[in-house]
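The values are calculated or read from the model by the stated rules, or taken from the named source; none is laboratory data. These figures come from a predicted structure and were not determined experimentally. Every residue, glycine as well, gets a Cβ built from its backbone with ideal geometry; the counts of neighbours run over all protein chains shown. Calculation scope for accessible area: heavy atoms of the full protein, side chains included, ligands and nucleic acids excluded. Shrake-Rupley method; radii C 1.70, N 1.55, O 1.52, S 1.80 Å.
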Amino acid sequence: MFNLEGKKIVVTGGSRGIGAGVVKALDSLGAQVAFTYSSRKESAEAVLKELSGNEHMITQLNLSDEESITTAFKEILTKFGQIDGLVNNAGITQDQILLRMKTDDFDKVLNTNLRGTYLCTKAVLKPMVKARNGSVVHITSVVGQMGNPGQANYAASKAGVEAFSKSLAKELGSRNVRSNCVAPGFIETEMTNELSDDQKQKLIGGLALERLGSVDDIASAVAYLLSDNSSYITGQTIAVNGGLYV
Ligand SMILES: NC(=O)c1ccc[n+]([C@@H]2O[C@H](COP(=O)([O-])OP(=O)(O)OC[C@H]3O[C@@H](n4cnc5c(N)ncnc54)[C@H](OP(=O)(O)O)[C@@H]3O)[C@@H](O)[C@H]2O)c1
């Protein structure tokens, strides 16, 4: 129904998981995509090889290192000339119950997920505001909405990104720059592949749609928010969680 022809889009953490699924969907809808990896360059190159378009690029970016973010976006802007969309996808977990959580692990997750989102978003704002056009999509989590034992740091980081996104939407709406979140529930990725069948069945028991989500389920929502078909939507969160939290 919609396409992304002519749009230049950056996806952080496109080397695997949800990010790789998003990159492939954007490619199939005609976008030119720049996507990043942190350490697994070969994974990013493998994703790049699978794409049909030949204008895409990959670059290294570490969310906890401001200089690496500045360098990566400079390189992308030099090649692309413009950025129409940004998907703040890369993120980490460092789970532990609060009683045992180390302050370093709290800081690491907040720095990567929340501060990293702030830095990447800031890097694209000037070109977007200048062009009076832009869509920023943040991948948050159902955990940021409902909380989860052992994930106080991660939940706080994702709830923080949602609040950040709403503020951005209000600040930049007059410049036609939109900001929205996609909040996945449990999605089949490397992370959930590690769960035993028993654990998976327990998880699925709590889902209205009685299945784990796929990366394509997330990619469809992201592509919609990047497209002009969602041009009147900003400051929102689309929950893609199979009815885990309604
Ligand atoms: N999977 C789920 O069920 C689920 C549910 C809710 C929300 N989410 C959210 O969805 C997003 C993607 O999750 P995922 O499960 O697809 O993750 P993943 O499979 O662990 O992939 C993470 C991606 O982020 C990159 N990355 C990791 N640490 C980084 C850092 N410090 N700086 C820059 N990039 C970094 C990785 O690059 P390398 O490959 O080079 O390491 C990789 O491309 C995350 O924000 C996550 O919180 C996931």
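Residues that are touching a residue at least 60 places away in the same chain (Cβ under 8 Å), open to solvent by less than 30 Å² (accessible area, probe 1.4 Å) and out of contact with any Lys or Arg (no Cβ under 6 Å at 6 or more places or on another chain): does segment 53-69 have at least one?
No, there is no match, as no residue in segment 53-69 is touching a residue at least 60 places away in the same chain (Cβ under 8 Å), open to solvent by less than 30 Å² (accessible area, probe 1.4 Å) and out of contact with any Lys or Arg (no Cβ under 6 Å at 6 or more places or on another chain).
Residues being within 16 Å of the ligand (Cβ to nearest atom) and β-branched (Val, Ile, Thr): count how many of those fall in segment 155-178.
1
Restricting to segment 122-144, what's the tally of residues that are within 16 Å of the ligand (Cβ to nearest atom) and open to solvent by 60 Å² or more (accessible area, probe 1.4 Å)?
So the answer is 1.
Test of understanding: among Asn133, Asn153, Asn88, which residue is in contact (Cβ under 8 Å) with a residue 12 or more places away in the chain, under 15 Å from Gly13 (Cβ atoms) and not charged (D, E, K, R)?
Criteria check complete, one pass: Asn88.
Conditions: (1) under 18 Å from the mean Cα position of the chain (by Cα); (2) within 23 Å of Glu190 (Cα to Cα). Ile97 meets all but one. Number of the miss?
The number of the failed condition is (1).
Return the residue satisfying two criteria in turn: it lies in segment 166-205 and is of a type in the set (Val, Ile, Thr) and closer than 18 Å to Gly85 by Cβ, and of such residues it is surrounded by the most Cβ atoms within 10 Å (Cβ to Cβ).
Val182
Thr189 fails exactly one of the following numbered conditions: (1) touching a residue at least 60 places away in the same chain (Cβ under 8 Å); (2) touching a strand residue (DSSP E or B) at 6+ places or on another chain (Cβ under 8 Å); (3) not charged (D, E, K, R). What is the number of that condition?
Failing condition for Thr189: (2).
Looking at segment 13-31, which of its residues are of a type outside the set (Gly, Ala, Ser) and near the ligand (Cβ under 6 Å from one of its atoms)?
Arg16, Ile18 - these are the residues of segment 13-31 that are of a type outside the set (Gly, Ala, Ser) and near the ligand (Cβ under 6 Å from one of its atoms).
Out of the residues in segment 47-91 that are over 28 Å from Glu162 (Cβ atoms) and in a loop (DSSP other than H, G, I, E, B), which is farthest from the ligand (Cβ to nearest atom)?
Result: Gly81.
Checking Ala208 against (1) of a type in the set (A, V, I, L, M); (2) farther than 15 Å from Val143 by Cα; (3) surrounded by 15 or more Cβ atoms within 10 Å (Cβ to Cβ): exactly one of these is not met. Which one?
Result: Ala208 fails condition (3) only.
In this structure, does Ala34 turn out to be away from the ligand (no atom under 13 Å from the Cβ) and in contact with a Lys or Arg (Cβ under 8 Å, 6 or more places away or on another chain)?
yes
Where the second residue is aliphatic (A, V, I, L, M) and the first is at pLDDT below 95 and lies in segment 99-110, which pairs have Cβ atoms under 7 Å and are six or more apart or on separate chains?
none
Among what's in segment 188-236 and is touching a helix residue (DSSP H, G or I) at 6+ places or on another chain (Cβ under 6 Å) and among the β-branched types (Val, Ile, Thr), pick the residue that is farthest from Asn88 (Cα to Cα).
Restricting to residues being touching a helix residue (DSSP H, G or I) at 6+ places or on another chain (Cβ under 6 Å) and among the β-branched types (Val, Ile, Thr), the top hit is Thr189.
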